[in-house]
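Asker: This is the structure I want to talk about, given as structure tokens.
The values are calculated or read from the model by the stated rules, or taken from the named source; none is laboratory data. Being a predicted model, the structure only gives us computed values, none of them experimental. Virtual Cβ from ideal backbone geometry, glycine too; neighbours counted across all protein chains shown.
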Amino acid sequence: MLTFRPALSLFFSFFLLSPIVHSADLEAGKILSETCQGCHGKNGNSTNPQTPNLAGQRAIYLEYQLKAFQSGKRSNPLMQAMAKNLDRQEMKNIAAYFASLSLENTTQSTPSIKGAETKIARCTGCHGKSAIGKSGFPRLAGQRSDYLKKQLLNFKNKTRKGGPMNSIASSLSEQDIEEISIYLGNLSL
């Protein structure tokens, strides 16, 4: 039979490790996201071609990116300053809030490029068949094409570190990057 003290310790251990305690608070995330909306747009749908949409993005990916900005692993002075004082729960709340939102159709006026569909074949292994993301990999479908192009070029010239992305992007020509970015940006939601 358990005595009171070990039973109490066991109860608090289960409670503290419970996913309920560490689950995201969407309302808190909504409040915290107000500062994000200046760049990433109302409800996470950016109007700036150089700024990514956060709506509909995978929560685990967004949380990881906030941690990367905070630690300096990912370099962007503005985002590093924004993430600097966030604690883990706040990051989780913000990420879950943006993940819960619907990505608006941001199809650019540039028509889709024929043949780009075959060029994204190497993307689908990590980002999913329809490029909507899976596991910790981000959604690419419907993302701003200018932003995608910028990030692929950053991976190519290694100003952004991203494991396999540096290798994959280094094998792409600038024309490939242009076509892939336009194709992914125009993928219907």
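Asker: Can you tell me which condition residue 105 does not meet? The list is (1) assigned to a loop (DSSP other than H, G, I, E, B); (2) within 27 Å of residue 71 (Cβ to Cβ), and all the others hold.
Answerer: (2)
Asker: Assess whether residue 100 counts as being of a type in the set (S, T, N, Q) and at pLDDT below 95.
Answerer: In short, no.
Asker: Identify all residues within segment 65-89 that are surrounded by 17 or more Cβ atoms within 10 Å (Cβ to Cβ) and either in contact with a Gly (Cβ under 8 Å, 6 or more places away or on another chain) or within 19 Å of residue 162 (Cβ to Cβ) (or both); write none if there are none.
Answerer: 65, 66, 68, 69, 70, 74, 79, 83, listed by residue number.
Asker: Is it true that residue 133 is closer than 14 Å to residue 56 by Cβ and modelled with pLDDT of 90 or more?
Answerer: Answer is yes for this residue.
Asker: Turning to a different aspect of this structure: Write out, first by first residue and then by second, each pair whose Cβ atoms fall under 6 Å of each other, whose residues are 6+ apart or on separate chains, and whose first residue, in segment 36-54, is surrounded by 14 or more Cβ atoms within 10 Å (Cβ to Cβ) while the second is among the hydrophobic types (A, V, I, L, M, F, W, C) and not in a helix (DSSP H, G or I).
Answerer: Filtered contacts from segment 36-54: 40/54; 43/55; 43/101; 44/54; 44/55; 44/101; 45/55; 53/103.
Asker: Scan segment 109-123 residue by residue and report those that are farther than 13 Å from residue 186 by Cβ and modelled with pLDDT under 90.
Answerer: Those that are farther than 13 Å from residue 186 by Cβ and modelled with pLDDT under 90: 115, 118, 119, 121, 122.
Asker: Exactly one of these conditions fails for residue 127: (1) in the same structural domain as residue 181 (by TED's automatic domain parsing); (2) within 13 Å of the chain's Cα centre (by Cα); (3) touching a residue at least 40 places away in the same chain (Cβ under 8 Å). Give me its number.
Answerer: Going through the list (1) in the same structural domain as residue 181 (by TED's automatic domain parsing); (2) within 13 Å of the chain's Cα centre (by Cα); (3) touching a residue at least 40 places away in the same chain (Cβ under 8 Å), residue 127 breaks only (3).
Asker: Could you check how many residues of segment 154-172 are over 15 Å from residue 123 (Cα atoms) and in contact with an Asp or Glu (Cβ under 9 Å, 6 or more places away or on another chain)?
Answerer: Counting residues in segment 154-172 that are over 15 Å from residue 123 (Cα atoms) and in contact with an Asp or Glu (Cβ under 9 Å, 6 or more places away or on another chain) gives 0.
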